[in-house]
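Taking it in order: structure first as structure tokens, then the write-up.
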């Protein structure tokens, strides 16, 4: 399977390069942001010097490789702009470094905003309104997947375009499921999820799922239960309602029964992945961005990998995740035009096909989903398509300025309830009280 993926990617790389060159030529002739309409662009075209811009990104492994590959492809596709890509760690690391760089007056020209932080950066004047650029170039916003655009709009304007976007999905070790007589397509409801976890658990050897406490997964559970996290006007915490407390009660009960494992601390995510890779758990929740990686792991470890929707409670429901590409403020006109050209190229159809295939992230363009290259991938590896189909149940993440801090309070409350002698209602009430102060 690993060889098949490698061959597919090699062919795709050639196709994308060809498409990129064609797209760039068309853009240069008809609709370039660096056109003769801009005096700063004229000055650039009259010299041999390229416009130098910097792009900051998060995460390593295949995600890092994807970013590096695309930047190299962009630099090779034209001779007017040179982009330097720089890795900055996690989203939290990236955001902190970007804020510090803006304060110091030397920010990257283009960076990633994790979507829940879009509002913080835009309303604080750190990122540029992209609406004028979109309107100037007649960019077809309708081609961007509507399920991914919710966190792009801030107060009616667009401040970022979807790039590496995701939803959480359920990964399954179908080999283990079949060994205990379970349907390898996976559980469809919370009740079936509990049944699967119980039947898959072997005391001292394996649990149904290793599941770290995550605000992202909790948001999914709340949507599935018919609850909300923050009021529509952004002034009140709602995650201590009956519907939003129910997920914490569910996790606490399954953990106490010993059929799920809830690791904590900085290594919780790594523990979860190690357990799934080594067969110490039969299921794992994770971003769709991990599909390519888990296909390789399952091939190396000798088990069949399947993916499915997160199970439904009252209904299906997931938050979207990942990042948008944004432009920082304070740039010269020439730098703005170059940054926009790069953002526009990175989010175009050919590049979204490449990124989605290389990593598993969702295609951000409807035209990409319909493209024969993506359809061929879905036919060969249906694990990629699950997140695309699940997106019909996707929800935007809250974007209140205080939400990143509120999210940490929620995670702490869930941990206190599950791992300490505190009822879920009491824990979420305490967190809601703190959140209401932050929202004020």
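The values are calculated or read from the model by the stated rules, or taken from the named source; none is laboratory data. Computed from a predicted model, the values in this text were never measured in an experiment. Cβ coordinates were reconstructed from backbone atoms using ideal geometry, including for glycine residues, and neighbour counts include every protein chain displayed.
Quick notes
- Test for residue 224: is it touching a strand residue (DSSP E or B) at 6+ places or on another chain (Cβ under 9 Å) and within 30 Å of residue 440 (Cα to Cα): yes
- Hey, residue 129 touching a helix residue (DSSP H, G or I) at 6+ places or on another chain (Cβ under 9 Å) and surrounded by fewer than 20 Cβ atoms within 10 Å (Cβ to Cβ) or not: yes
- Evaluation of residue 239 against (1) part of a helix (DSSP H, G or I); (2) buried (at least 22 other Cβ atoms within 10 Å of the Cβ); (3) in contact with a helix residue (DSSP H, G or I) (Cβ under 7 Å, 6 or more places away or on another chain) (one fails), failing number: (1)
- Within region 373-387, the set of residues being in contact with a strand residue (DSSP E or B) (Cβ under 6 Å, 6 or more places away or on another chain) and surrounded by fewer than 19 Cβ atoms within 10 Å (Cβ to Cβ) is empty.
- Residue match in region 61-76 (condition: assigned to a loop (DSSP other than H, G, I, E, B) and in the same structural domain as residue 125 (by TED's automatic domain parsing)): no
- Residues that are in contact with a helix residue (DSSP H, G or I) (Cβ under 7 Å, 6 or more places away or on another chain), farther than 16 Å from residue 288 by Cα and assigned to a helix (DSSP H, G or I) are absent from region 385-402.
- Single match in 142, 155, 137, 92 (criterion: on the phi > 0 side of the Ramachandran plot and either more than 19 Å from the chain's Cα centre (by Cα) or surrounded by fewer than 17 Cβ atoms within 10 Å (Cβ to Cβ) (or both)): 155
- Taking the numbered list (1) assigned to a loop (DSSP other than H, G, I, E, B); (2) at pLDDT below 95 in turn, residue 226 passes all entries but (2).
- Flag for residue 281 being surrounded by 19 or more Cβ atoms within 10 Å (Cβ to Cβ), touching a helix residue (DSSP H, G or I) at 6+ places or on another chain (Cβ under 6 Å) and more than 30 Å from residue 132 (Cβ to Cβ): yes
- Yes/no for residue 279 being farther than 27 Å from residue 71 by Cβ and outside the structural domain of residue 116 (by TED's automatic domain parsing): yes
- The single condition from (1) within 30 Å of residue 213 (Cα to Cα); (2) touching a helix residue (DSSP H, G or I) at 6+ places or on another chain (Cβ under 6 Å); (3) assigned by TED's automatic domain parsing to the domain that holds residue 133; (4) touching a residue at least 60 places away in the same chain (Cβ under 8 Å) that residue 334 fails is (1).
- Test: residue in region 420-427 that is surrounded by 23 or more Cβ atoms within 10 Å (Cβ to Cβ), outside any loop (DSSP other than H, G, I, E, B), in contact with a helix residue (DSSP H, G or I) (Cβ under 6 Å, 6 or more places away or on another chain) and not assigned by TED's automatic domain parsing to the domain that holds residue 159: yes
- Among residues of region 93-106 that are assigned by TED's automatic domain parsing to the domain that holds residue 59 and at pLDDT 95 or above, those with a beta-carbon under 8 Å from a residue that is part of a helix (DSSP H, G or I) and surrounded by 13 or more Cβ atoms within 10 Å (Cβ to Cβ) at least six positions away or on a different chain give the pairs 95/117; 95/121; 98/121.
- In the set (1) crowded, with 19+ Cβ neighbours inside 10 Å; (2) on the phi < 0 side of the Ramachandran plot, residue 360 fails one condition alone, (2).
- Boolean, residue 86 is in a helix (DSSP H, G or I), at pLDDT 95 or above, at negative phi and within 22 Å of the chain's Cα centre (by Cα): no
- So residue 113, is it in contact with a strand residue (DSSP E or B) (Cβ under 6 Å, 6 or more places away or on another chain), surrounded by 19 or more Cβ atoms within 10 Å (Cβ to Cβ) and free of Cβ contacts under 8 Å to residues at least 40 places away in the same chain: no
- Residues located in region 248-273, provided they are touching a residue at least 60 places away in the same chain (Cβ under 8 Å) and outside any loop (DSSP other than H, G, I, E, B): 248, 249, 250, 251, 252, 254, 255, 260, 271, 272
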